[in-house]
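Read the figures in this text as sums done on the coordinates, not as results from a lab. The model shown is predicted, which means the values in this text are computed figures rather than measured ones. Note that each Cβ is placed from the backbone with ideal geometry, even for glycine, and that neighbours are counted across all protein chains shown.
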Amino acid sequence: MQSPTNFLKHKGWHQTAIIAIIGGIYVFASWILSFDNLAGFTAIPRAFAWLGVNFKPTSSSMEFLPKIWQKLIQTVLLAISSTVVASAISIFIALLGSKVTGINGTVQTIVRGIASFFRNIPLVAWSMILLFSFKQSDFTGFLALLLLSIGYLIRAFMEIIEDEASETMLALKATGASYFQVIFQAVLPQILPSILSWILYTIENNVRDATLVGILTGTGIGFIFDVYFKSFRYDAAGMTVLAIIIVVIALETISNQIRRVIL
Amino acid sequence: MLEVKNLQKSYEKDKPALTDISFNIKPGTFVAIIGPSGAGKTTILRSLNQLIKDDDGQIILDGKDIRTANKEQLRKFRRQIGMVFQNYNLVERLTVIENVLHGRLGYKSTLAGVFGKYTQEEKEEAMSLLKKVGLENFALKRCSELSGGQKQRVGIARSLIQHPKVILCDEPIASLDPASAQNVMELLKRLTDEYNLICIANLHQINMAKKYADQIIGIRKGHLVFDEDADLLSEDILRTLYDQDITKELE
């Protein structure tokens, strides 16, 4: 049995050692990559200066605004529809797979496997794979967002069910209520606020991701950003980025308001 | 009449949680199960409505063994057995009356239950039970707005609307302040007499057990060491039960 002073001294050494190791890994990694730290840092202000000069929307870029606006709305709707469909599918699968409401151990393992499979294939890979089957269309973007969202939402919903619904589930089971009665009367009402909160977050996230998917699949706001950028219309590209930022902030504000009301 | 015979349970092989537990309880009796933490009190209580599947023995309620019941029969058993929890286990976001009505689900068809369709009589009964537990003015409040003692009384109303023969209380007052705890214990005692119930409560508070219980069951390391009228609980027994001198706590 070591004394408390000794224990604390050891603990201090451990922390110092861990920090030293992390620092060491960084130095080692930048040496391998021959990454010039100083030049990297000094480049940041220049990069922003370049952005400021070239990406600044001018009066002539205003003419692109209706087109940008139309594509942006299309992108937001894509994000919302993919999230809603993903949520409906995920809640069903999460009920089957959670430890509390699940069917059995095998199904739980399978559901966890499916969720982790969808989650761990990057969005870019999904877009490229789906592009082969569904060509350049909104549907490809929709599917890519849908599959990734399903991966995240199944996992999140399962954890919500396990954290929040196990106690009431037990109470209703003890009254002699049947499985479906317990699900609809106890589990779903109990988890609704947390579920909605996750759906709102996923919508925000999918609007951002839809831009990237759009570049890859040639649809939505991502596509026109790509077009402007590659045709050296940097001012219009800047305008597009600005519009995206405004919409994402607006969405965040709205969903924070909704959260405040429901939670 | 509830008869428990030779109940056995082990969670791990060769590590019995319950060994050969037998006791009888007559209707109209308030029973306290006491014993140290980890002795097996909760395991006994949850075996009685088969939330925990025990390994061997018999649990006979009015002549029928609940342990051999199939899924549908078990559902019919469970609706005769109310349960009250330490953490109340209410659906916090729903109103008080909705939570009370949940006690009727065992009697409803799946579809009616899923959509929460309750009859006029059920709603009126829920209101009269809320009156009985002193919460008639809270029927439309969300449970999350209630205090601990009030939540526990909602839990009791939920078990009463099941028209139970037995009410199991798993540490019913462990999360309550002393005044609310008295209140809940008095309520449980009164209801036991009024409805001729078998009320079984796991308790850590020996003074509460002595004050309110008719019969006391003492459990130590999975063995039954005491099963008598509450008056017969002596300091000697308590010393064996808890391995130490806790008589001071009683004063």
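Odds and ends about this structure:
- Among the residues of the stretch B:6-30, just one is under 15 Å from the mean Cα position of the chain (by Cα) and buried (at least 23 other Cβ atoms within 10 Å of the Cβ), namely B:F30.
- Residue count for the stretch B:88-104 under the criterion of being at the interface with another protein chain (Cβ under 9 Å from one of its Cβ atoms) and over 14 Å from A:L172 (Cβ atoms): the result is 1.
- Residue under evaluation B:T119, criteria (1) surrounded by fewer than 18 Cβ atoms within 10 Å (Cβ to Cβ); (2) within 12 Å of chain A (Cβ to nearest Cβ), criterion not met: (2)
- Subset of the stretch A:177-207 that is of a type in the set (G, A, S) and surrounded by 24 or more Cβ atoms within 10 Å (Cβ to Cβ) - its residue that is farthest from the other protein chains (Cβ to nearest Cβ): A:A186
- Residue ID - nearest to the chain's Cα centre (by Cα), chosen from residues in the stretch B:110-152 that are of a type in the set (V, I, T) and under 21 Å from B:R93 (Cα atoms): B:V133
Condition check ((1) surrounded by fewer than 16 Cβ atoms within 10 Å (Cβ to Cβ); (2) more than 9 Å from every other protein chain (Cβ to nearest Cβ); (3) within 17 Å of the chain's Cα centre (by Cα)) across all residues:
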site	(1), (2), (3)
B:D54	no, yes, no
B:R78	no, no, yes
B:G82	no, no, yes
B:Q86	no, yes, yes
B:G106	no, no, no
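- Residues being among the aliphatic types (A, V, I, L, M) and within 14 Å of another protein chain (Cβ to nearest Cβ) - total across the stretch B:56-76: 4
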